[in-house]
Amino acid sequence: MKTTMNRRGFLKASALATGGMMLEFSLPLSAIGEELGTLVGSGELNAYVKIASDGTITIYSANPEMGQGIKTALPMIIAEEMGARWEDVVVLQSPVDDSKYGRQGAGGSTTIPRSFDLMRQVGASAREMLIGAAAESMEVPRGELEAKDSKVTSTSGHSLTFGQLASLAVKQPIPDPDTLKFKDPEDYTIIGTSVSGVDNLVIATGMSRFGIDTSVPDMLYAVYHKCPAIGGKAVSFNEAEIKKLPGIVDAFIIDGNGDVNQLLSGVAIVGRDTWSVFAAKDALKVKWDESAASKDDWDEIVRTGERLQDKGGGNVIYRAGDVDLALRRHTDRTIEADYSYPFVAHLCMEPMNTTAHYKKGSASTGDEIEAWVPTQAAYRIPSVMNDVFGVSEKNVTIHQTRLGGGFGRRGSAEFVCEAVAISKRAGKPVKLTWTRPDDMQHDFYRVAGFQHVKGSLDKQGRLVAWDQHFIGMTRNGEGPSGSRFSPSEFPLLNLPNTRGTMSTFDIGTPCGPWRAPGSNTHAFVVQSFIHELATLAGRDHLEFLLEIMGERRWLEPGNIRALNTGRAIDVIKLVAEKAGWGRDMPEGSGLGLAFHFSHAAHVAEVAEVSVDTQKRLRVHKLWAVADVGPIINLSGATSQVQGSIIDGLSTMAGQKITMSGGRIEQHNLDDYNVMRIAQAPDVEVHFIQSDNRPTGIGEPGLPPLAPAVGNAIFAATGVRVRTMPLTDLGYRLV
Amino acid sequence: MANYTIKVNGADHAVDADPAMPLLWVLRDRLGLVGTKYGCGIAQCGACTVHVNGHAVRSCVLPISGVSGEVTTIEGLAPGNQLHPLQQAWIDEDVPQCGYCQSGQIMSAAALLAATREPSDADIDSAMAGNFCRCGTYIRIRAAIKRAARSRDVSGLVESSGEEQA
């Protein structure tokens, strides 16, 4: 059976063996990438691994790289199982090819958990083929051979390098995945070490290529100007004037299909360089039909949210015990509070862009689309192209580039649709680049929200009732991922009397996933309010939080991606120890603690802050402890937690998107607050490498930041933080 | 449109451009030097930082007509196969995440190190204040600048393939 399987067959078998968990992808646009002369004479062991006769091991990484480090981490797993030396490995981004790599995407901190077993299989399979080649060549039994340090060595000490074995190895039968044995983690030499990102050299020398750096022959440049009131339609514009401007080739209205996820109406300007079209955009005078546009007004949204906070009620999403009775019984020890948080932008450093070429085909072949896209979800694009342009999915070729930041922003395809529509009209390949204001004003924002929470203590100061009303928002009746309230949200499952309720109201502003969707705001409310209750009880926050966790157990037995109170307790205790929890703090200084469970990760953080009389806030240091199972790349994982904490603090401190008459009121970095190096705290990161399966760390480091800082501000000042950003409360991060 | 001759990374280039065209777009769209990035267009993010006569400038707001002197971009920070000590330090400290802002970060840091051999934290805060990193790599940027300051030899360059020189 196994000898009849070709390489493609191996991959399909792998996919089945892992329950269809294959993911991954990207594009070798980078000139550096494919310039590997050493591949001459190489042996391709499977879709992910090639070994050249000089010993260079090329490993393809299939998933998009947006800064989360997956292009380094996945090949580390393969190299580990192969018995390769990391120094011999060259990593290339694979092409987009779902027949070889399955669904190539990134999001939800899922790539590591989905891919870990497949990457181990890929590596182990290559290793077995190399050992098979060595057995044949040395004429010794396989059992006497070991693959290590990029060579296969026999018990007698004779060895052949992977390079020497490559050409023979490709002729070996593809191992049955079910027969593969994985290395004992005790023997790991790559997994768990600190490895510098595989693209760091090209990044540091300016040679890496992002989507915005794409250049194809005969390419024109474009901008697309959409209605500032989101969803408005372009009626007319000063066409003659725009077309006369220097460097401009054409300008025209695209009607679009009214779908914010696909193609909204706007004015396209096509020219000979980016600057010409940017300058022409500034000279545009457009008449808009705003009848179907967003009418959102931030002040009105706040009034609606606050009215619902006061009104209470909502749909019950979870209930345990009798929360009303418990609240009544402990009225003297019951508190309630309103929390809120604003819309925020993704602000990827690389603005949205796509280079697209719409090619007219014959009646028999049909039209074709080729596009170079910095996307988190290349696999979704062909069907969108079919929807919008009627082009057959098989005639759509997507090249995935490196992404200058993602954070959940780059899963949509509207910027691809825009570039394709412009190319179709221009009859040439076109690079569409959004200006920074386009990017900030036409985002899928982190949704704002409002919550009302109540809690009661018994006579011993134990938390016995928790009642949480979540007020989220929908657009056309659909809620974005950040506007959900899960029945498993901590601490609904931990306490005897709990209730979660949810209300929503419709808005016109598009929202979407933003790093740790939902969690990045839920954690703020829940972990701040628990501290309020601990304070009411006159008890130490650490001890109070541990008591809520209770016995060590899985809260949803059978679901290994659910909260485990034991793991929670461990990260909370360790972070307290590392931060010196309980130590005396000077006047105006404080420590704040928070825990949050998301993306199958247990993370606890402690913030140390000081606040002066002018409300200047200094966040001195953060301690973070995470349990995401075994760590693949220690440097990369640490970097993700450091970055999450800085991202969370930057967002909490000063970021807020507002709108008036459907128009986003912020434009650029001169009216949207971001953290600079001087304000960045020291961050100390620790991992508890439990024996759980490895899970992702791109997002879960962020949610505990806001409540940890808010609780530290309370410890320092006695003033509670119940809204973000802190600038709205008069604080200034220094 | 007008004709300009600008010297970039040691080579002269003749450019026919609108006098108002920022140096950033001349570099990217006319000369193909795309290591210098567009981030905001208003000199607030620093992704477009290059050197003019050794000084860090934001190329997105510097019109071609205003360029007087020699331009150095990230591609020309170190000659040939050599790395600037900062580039080596960026690799050693594993600084980049998405990497998009890092050309500008390195160019700002290079101007700092050229002027200040052993920069203090306050020097770093001040010199790097104009460079935004959305991924939040500031901690490692600071560490890498300090590492590079410690590692510099007389020439200020290290071989790209080898370890740091003593």
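The values are calculated or read from the model by the stated rules, or taken from the named source; none is laboratory data. Keep in mind that what you see is a predicted model, and the values were worked out from it rather than measured. Every residue, glycine as well, gets a Cβ built from its backbone with ideal geometry; the counts of neighbours run over all protein chains shown. Surface areas here come from the heavy atoms of the whole protein model, side chains and all, with no ligands, DNA or RNA. Shrake-Rupley method; radii C 1.70, N 1.55, O 1.52, S 1.80 Å.
Given q = 0.11, 0.12, 0.20, 0.29 Å⁻¹, what are the Debye log10 I(q)/I(0) values for segment A:90-154, with equal point scatterers placed on the Cα positions and solvent ignored?
One equal scatterer on each Cα of segment A:90-154 leads to -0.41, -0.47, -0.86, -1.26.
Specify which residue in the list A:LEU347, A:HIS620, A:ALA292 is farthest towards the positive end of the charge dipole of chain A, using unit charges on the beta carbon of Lys, Arg (+1) and Asp, Glu (-1), about the Cα centre.
A:ALA292
List, in order, the whole-Hz ³J(HN,Hα) value for each residue of segment A:600-611 obtained from phi through the Karplus relation with A = 6.51, B = -1.76, C = 1.60 and θ = phi - 60°; use x for Gly and Pro.
After applying 6.51 cos²θ - 1.76 cosθ + 1.60, I find 6, 10, 9, 9, 10, 9, 10, 10, 10, 10, 9, 10 Hz.
Cα axis of helix B:138-151 to longest principal axis of chain B: angle in degrees, 0 to 90, nearest 10?
80
Which entries in A:LYS243/A:LYS428; A:LYS285/A:LYS424; A:LYS578/B:LYS146 show an alpha-carbon gap greater than 20 Å?
A:LYS285/A:LYS424; A:LYS578/B:LYS146, as the Cα separations exceed 20 Å there.
Could you tally the net charge around A:LEU593, taking each other residue with its Cβ under 10 Å from the Cβ of A:LEU593, Lys/Arg +1 and Asp/Glu -1?
-2
Is there a simple number for the mean count of other chain Cβ atoms within 10 Å of the Cβ of residues in B:83-91, and what is it?
3
For segment A:433-503, what are Rg and Dmax over the alpha carbons, in angstrom?
17.5, 62
In whole Hz, with x marking every Gly and Pro, tabulate ³J(HN,Hα) for segment A:548-556 from phi via Karplus 6.51 cos²θ - 1.76 cosθ + 1.60, θ = phi - 60°.
Once rounded to whole Hz, the list reads 5, 5, x, 5, 6, 6, 7, 6, 10.
Return a whole-number percent for the relative contact order of chain A, with Cα pairs under 8 Å and 6 or more residues apart as the contact set.
Relative contact order for chain A comes out at 14 percent.
Going by Cα centres, segment A:152-216 and segment B:66-117 are how many Å apart?
Answer, in whole Å: 30.
Count the net charge of all other residues whose Cβ sits under 13 Å from the Cβ of A:ASP691, scoring Lys and Arg as +1 and Asp and Glu as -1.
For residues surrounding A:ASP691, the net value is -2.
How much accessible surface area, in Å² rounded to 10, belongs to the heavy atoms of A:PHE407 with a 1.4 Å probe?
For A:PHE407, the solvent-accessible surface is approximately 30 Å².
Across peptide A:345-353, what mean number of C-beta atoms from other chains lies inside 10 Å of a residue's C-beta?
5
Ignoring ligands, DNA and RNA, how do A:LYS656, A:LYS311 rank by accessible area with a 1.4 Å probe, largest first?
If we order A:LYS656, A:LYS311 from most to least accessible, we get A:LYS311, A:LYS656.
Would you mind giving the total buried accessible surface between chains B and A, with a 1.4 Å probe and ligands, DNA and RNA left out, rounded to the nearest 100 Å²?
That pair of chains buries around 4500 Å² in total.
Counting only other residues whose beta carbon sits under 12 Å from that of A:SER660, what net charge do I get with K and R as +1, D and E as -1?
-3
Which one of A:THR304, A:VAL420, A:GLY163 is farthest out on the positive end of the charge dipole of the protein assembly as shown, using unit charges on Cβ (Lys, Arg +1; Asp, Glu -1) and the Cα centre as origin?
About the Cα centre, the residue reaching furthest to the positive side is A:THR304.
Using the Cα centre as the reference, give the magnitude of the dipole from point charges on the C-beta atoms of the protein assembly as shown (Lys, Arg: +1; Asp, Glu: -1; all else neutral), rounded to the nearest 20 debye.
So the dipole magnitude of the protein assembly as shown works out to roughly 1040 debye.
Two decimals, Cα atoms only, Kirkwood Rh: what is Rg/Rh over segment A:197-355?
1.20
Can you pull the accessible area of A:ILE631 for me, 1.4 Å probe, Å² to the nearest 10?
That residue has around 10 Å² of solvent-accessible surface.
What list of ³J(HN,Hα) values in whole Hz, one per residue of segment A:292-305 in order, does the Karplus curve 6.51 cos²θ - 1.76 cosθ + 1.60 (θ = phi - 60°) give from phi, with Gly and Pro shown as x?
Values, residue by residue: 9, 7, 4, 10, 3, 9, 4, 4, 5, 4, 5, 4, 5, x Hz.
Separation between the A:ASP259 and A:ALA240 pseudo-spin-labels, each 7 Å from Cα along Cα→Cβ, expressed in nm?
3.8
Only four residue types carry charge here, +1 at the Cβ of Lys and Arg and -1 at the Cβ of Asp and Glu. Report the dipole size of segment A:91-224 about the Cα centre in Debye, rounded to the nearest 20.
The calculation lands at about 140 debye.
Going out from 0 in 5 Å bins, what whole percent of all Cα-Cα distances in segment A:586-734 drops into each bin?
Going out from 0 Å in 5 Å bins, segment A:586-734 shows 2, 10, 19, 21, 16, 13, 10, 6, 2, 1, 0 percent.
Might you tell me the accessible area per residue for the protein assembly as shown, computed with a 1.4 Å probe and given in Å²?
Value returned for the protein assembly as shown: 36 Å² of accessible area per residue.
How large is the charge dipole for segment B:12-127, taken about the Cα centre, if only the Cβ atoms of Lys, Arg (+1) and Asp, Glu (-1) carry charge, to the nearest 20 debye?
It comes to approximately 280 debye.
With equal scatterers on the alpha carbons only and no solvent term, can you work out the Debye log10 of I(q)/I(0) for the protein assembly as shown at 0.05 1/Å?
-0.29
Would you please give the residues with an amide H less than 5 Å from that of B:THR49, counting only those at least 5 places away or on a separate chain, with H modeled from the backbone geometry?
B:LYS37, B:SER59, B:GLY104
Find how many whole Å separate the alpha carbon centroid of segment A:399-445 from the alpha carbon centroid of segment A:600-645.
32
Note the angle between two axes, namely the Cα long axis of helix B:102-115 and the longest principal axis of the Cα atoms of chain B, as a number of degrees from 0 to 90, rounded to the nearest 10.
So the helix axis and the longest Cα principal axis differ by about 70 degrees.
How shielded is B:39-50 by partner chains, expressed as the average number of their Cβ atoms within 10 Å of its Cβ atoms?
Across the residues of B:39-50, the mean count of other-chain Cβ atoms within 10 Å is 5.
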